[in-house]
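Below is one structure, written out as structure tokens, with a few remarks after it.
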Amino acid sequence: FSEADLGEPKGQVFVRALAELGMQARHLDGRVLPDNAIEVLTAASVVIDATDNFATRFLLADAAFLAGVPIVHAAAVRWHATVMSVRAEGRPCYRCLFEDIPGGQLLDCATAGVAGPVCGVSGAIAADRALRLLAGDGDGTIITFDGLTDRLRQVTVPARSDCPLCGSDPQIHGIDEARYVAAGCG
């Protein structure tokens, strides 16, 4: 990003930067909501989730699984970045790691801040994981970066047989708006 990008939606800036490199991407002009999430994500080859709240993150995770689309979740708060890649088969999925939307006050970029370089590392890792998924090399891992110690860690996420989304007896078969609301999330 540069000063010329100030005030521009980050997704549109990203798409423009990729176009300058000869790559094609699409930025959603509208919002992904419970009533359109599966339809919107079905058109994607891979989804990069860089949202700022758990409710939207879970909505995207569930919709990507139900649409059979790979997804990369990327987050950064303070000096820490976390990136998780999920194959199109969706196993292990985001709910295998984080079972449901946490309640209460949570640290996020708006309340805790984020170091700019950590966002850059998160974005670079997310881009790498998205390209790997597109090449058929998804691996179901979570990568964390600690900007204070300059440490990168990769851990394979185990699929949970009791996962409500991708487990052996799933309870989530569609997008129900009430599932994506939690205390402290909006």
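The values are calculated or read from the model by the stated rules, or taken from the named source; none is laboratory data. Owing to the predicted nature of the structure, the values given are computational and were not obtained by experimental measurement. Glycine also receives a Cβ, built like all others from the backbone with ideal geometry; neighbour counts cover every protein chain displayed. Protein only, heavy atoms only, side chains kept; ligands, DNA and RNA dropped before computing areas. Shrake-Rupley method; radii C 1.70, N 1.55, O 1.52, S 1.80 Å.
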**Message:** Tell me whether region 123-138 contains one or more residues that are surrounded by fewer than 11 Cβ atoms within 10 Å (Cβ to Cβ) and of a type in the set (A, V, I, L, M).
**Reply:** yes
**Prompt:** Any residue in region 48-65 that is of a type in the set (Gly, Ala, Ser), touching a residue at least 40 places away in the same chain (Cβ under 8 Å) and over 18 Å from His173 (Cβ atoms)?
**Reply:** yes
**Prompt:** Among the numbered criteria (1) open to solvent by 10 Å² or more (accessible area, probe 1.4 Å); (2) acidic (Asp, Glu); (3) touching a His at 6+ places or on another chain (Cβ under 7 Å), which single criterion is violated by Asp49?
**Reply:** (1)
**Matching residues in region 154-178 - criterion: being surrounded by 18 or more Cβ atoms within 10 Å (Cβ to Cβ) and either of a type in the set (D, E, K, R) or assigned to a strand (DSSP E or B) (or both)** = Arg160
**Message:** Considering only region 24-36, I want to know if a residue exists there that is in a helix (DSSP H, G or I), free of Cβ contacts under 8 Å to residues at least 40 places away in the same chain, out of contact with any His (no Cβ under 7 Å at 6 or more places or on another chain) and open to solvent by less than 50 Å² (accessible area, probe 1.4 Å).
**Reply:** no
**Prompt:** Any idea which residue in region 78-93 is nearest to Leu131 (Cα to Cα), counting only those that are open to solvent by less than 40 Å² (accessible area, probe 1.4 Å) and either in contact with a Cys (Cβ under 8 Å, 6 or more places away or on another chain) or in a strand (DSSP E or B) (or both)?
**Reply:** Ser85
**Request:** Select from region 59-68 the residues that are surrounded by 22 or more Cβ atoms within 10 Å (Cβ to Cβ) and closer than 22 Å to Pro158 by Cβ and list them in ascending order.
**Result:** Leu60, Ala61, Asp62, Ala64, Phe65
